[in-house]
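*Asks:* This is the structure I have questions about; it appears just below.
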């Protein structure tokens, strides 16, 4: 009887250990990406806009696609299945997105819509015109770092390889958007600007931590209240006393078959917390907002200011403020 009870206890202990083991191991790529985020940024919650862009792949699918990418015979790689399973946009008809023309740093660049704000109006009783706040780009999932590193290198020299691998027509809107994204990622930055384009969540987090450390605040704003309207600023305050005096990092969503995050920091940037009054259906609505201002050199010794709101899928990372 004692032996039987001992055997039963052993089975119970083994069963509990197995449950703990299974519970401690990622079952899908999204959980793996969350774990890696928590390792680097334990005090920062992943925003909903980014949660929606984590990879939908299971670990088994990821390993199968990794095996396919490692084969020298690329014709055996099922591009359609890969794009569908990984939440990518490959052959679907998309609108051409000119990333260079809609630059968030230079207010004098040609762009289809006005995304910039007048800094002089970022004050109480000031009036600003908000841009179209609806996301310009559909949600595209990031690749896990393992797959991202196995893809042809992210550069203009490898566009044809990426197009062939993912079965994307060379004259499609997607291919043109890819070229525009790469031009922006590879182009010369502004004076005092540090930038990086990442094709995985892990790569984006690594860049942010390399610039600011892990003690950061993450600001987002997905509200579309006041989109495209003239609104009144009822309160405005500048965030100051950042630890180490480091400039904030902004990450923008760029068009590519898989997720691309364009992250950059520019010396001298300032962050403003705003309270806005919006008139909708003859009623006044109050909402909070955040604006970021970059101070750029025109190359001739003079500076210009480019201010824009934080909205959509844009991520604004700032150092923690100093404690008094």
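*Asks:* Could you run through the stretch 216-229 and say how many residues are over 28 Å from residue 146 (Cβ atoms) and assigned to a loop (DSSP other than H, G, I, E, B)? Break it down into steps so the answer makes sense when it comes.
*Replies:* Our first condition is that a residue be over 28 Å from residue 146 (Cβ atoms); within the stretch 216-229, this holds for 217, 219, 221-229.
Now restrict to residues that are assigned to a loop (DSSP other than H, G, I, E, B): 221-229.
Total meeting the criteria: 9.
*Asks:* Moving to a separate point now. Name the one entry in 47, 42 that is surrounded by fewer than 17 Cβ atoms within 10 Å (Cβ to Cβ), out of contact with any strand residue (DSSP E or B) (no Cβ under 8 Å at 6 or more places or on another chain) and modelled with pLDDT of 95 or more.
*Replies:* Sole residue among the options that is surrounded by fewer than 17 Cβ atoms within 10 Å (Cβ to Cβ), out of contact with any strand residue (DSSP E or B) (no Cβ under 8 Å at 6 or more places or on another chain) and modelled with pLDDT of 95 or more: 42.
*Asks:* Which condition does residue 213 not pass, out of (1) touching a helix residue (DSSP H, G or I) at 6+ places or on another chain (Cβ under 9 Å); (2) surrounded by fewer than 18 Cβ atoms within 10 Å (Cβ to Cβ); (3) on the phi < 0 side of the Ramachandran plot, if it passes all the others?
*Replies:* Residue 213 satisfies every listed condition except (3).
*Asks:* Return only the number of the condition from (1) closer than 30 Å to residue 188 by Cβ; (2) surrounded by fewer than 19 Cβ atoms within 10 Å (Cβ to Cβ) that residue 279 does not satisfy.
*Replies:* Only one criterion in (1) closer than 30 Å to residue 188 by Cβ; (2) surrounded by fewer than 19 Cβ atoms within 10 Å (Cβ to Cβ) is unmet by residue 279, namely (1).
*Asks:* For residue 211, all conditions in the list (1) within 30 Å of residue 289 (Cα to Cα); (2) out of contact with any strand residue (DSSP E or B) (no Cβ under 7 Å at 6 or more places or on another chain); (3) part of a helix (DSSP H, G or I) hold save one; what is the number of the exception?
*Replies:* (2)
*Asks:* Further, regarding this structure: Please state which of the following conditions residue 107 fails to meet, knowing it meets all the rest: (1) part of a helix (DSSP H, G or I); (2) buried (at least 16 other Cβ atoms within 10 Å of the Cβ); (3) modelled with pLDDT under 75.
*Replies:* The failed condition is (1).
*Asks:* Quick one: in the stretch 110-124, of everything that is at pLDDT 75 or above and part of a loop (DSSP other than H, G, I, E, B), which residue is nearest to residue 166 (Cα to Cα)?
*Replies:* Filtering first and then ranking leaves 115.
*Asks:* Follow-up. Out of the residues in the stretch 84-100 that are assigned to a helix (DSSP H, G or I) and touching a residue at least 12 places away in the same chain (Cβ under 8 Å), state the one that is nearest to the chain's Cα centre (by Cα).
*Replies:* This residue is 86.
The values are calculated or read from the model by the stated rules, or taken from the named source; none is laboratory data. Note that the coordinates shown come from a computational prediction; the quantities given were computed from them, not determined experimentally. All Cβ positions, even for glycine, are placed from backbone atoms using ideal geometry, and neighbour counts span all protein chains on display.
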